[in-house]
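Coordinate-derived values only; no laboratory data. Model, not experiment: these values are computed from the prediction. All Cβ positions, glycine included, derive from the backbone under ideal geometry; neighbour counts span all protein chains shown.
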Amino acid sequence: MTDTPVRSRSGRLPRDARRAQLLDVALEVFGQEGYHNASMDEIAERAGVSKPVLYQHFPGKLELYLALLDTSCRTIVDGVREALASTHDNRERVEAVFALWFEYFTDSGAAIRLVFDSDLTNDPSVRARVDLVYRESADAIAEVIHDDTHLDMDVAHFLAVGLVGMGQLSARQWFDSASSLDKSDAVSLMSSLAWRGIGGYPRAGETDEPD
């Protein structure tokens with residue numbers, strides 16, 4: 001259950017609580033209508049505030065959109081890092097990262113569309129943030145590959161980019177197609193496929209092949 005924001009004696013929400021509320025409403029509107037069809041008027045109306053109040057928090061529609069995008073992008077990258085840190089077993093790491101992608105597509109709703117289905121990707125500020133998700137996710141995975149295998153960092157990063165692509169694209173296809181395949185089975189299939197590849201690069205000093 002979500003905690004009810006504490007209002008001031010005047011009945012107004014504290015600034016941080018109001019900003020959070022506006023972001024929640026804006027995410028719903030952008031998720032339903034896309035950037036170009038969404039309007040600040042509608043966001044203000046749904047949030048139950050005047051347009052001047054909305055503009056006190058966000059100078060314009062683009063700034064509001066970018067604030068939401070920043071949060072969504074950071075959630076993905078932080079999730080990848082947490083998945084990698086959750087275990088020292090590399091096969092389990094692969095599965096944890098793939099599980100993260102599938103969870104994000106099923107549980108994040110409008111937030112995932114904001115990142116991967118934006119109708120504003122031609123805007124440099126939006127494109128830069130989306131690219132950052134791929135780059136930082138790959139960077140985090142590449143560090144693990146490099147540290148464990150002592151492969152050249154460029155090689156490790158190239159392999160990591162492939163794993164990120166597999167995770168994002170397979171999760172997106174599974175979700176968009178409303179596949180009858182159970183999510184846990186889909187994660188297991190894709191992580192096993194990825195492990196059969198990346199597991200072929202043993203830890204430094206080891207020569208074992210993947211299971």
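The table that follows gives values for the structure above.
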{"read-out": "Helix 183-198 vs. the chain, principal-axis angle (Cα, 0 to 90°, nearest 10)", "value": "50 degrees"}
{"read-out": "Semi-axes of the equivalent ellipsoid for the chain, Cα gyration tensor, largest first, Å", "value": "39, 17, 16"}
{"read-out": "Charge dipole of the chain about the Cα centre (unit charges at C-beta), most positive-ward option of Ala142, Ala171, Ser188", "value": "Ala171"}
{"read-out": "Crossing angle, helix 15-37 versus the chain [Cα axis fit, 0-90 degrees, rounded to tens]", "value": "80 degrees"}
{"read-out": "Rg over Rh, two decimals, the stretch 15-59 (C-alpha only, Kirkwood Rh)", "value": "0.93"}
{"read-out": "Highest-MSF residue in the chain out of Ala128, Ala38, Ala96 [GNM, Cα springs under 10 Å]", "value": "Ala128"}
{"read-out": "Contact order normalised by residue count of the stretch 1-156, Cα under 8 Å, 6+ apart, percent", "value": "23 percent"}
{"read-out": "Summed side-chain charge close to Leu120 - residues other than Leu120 whose Cβ falls under 13 Å, Lys, Arg +1, Asp, Glu -1", "value": "-1"}
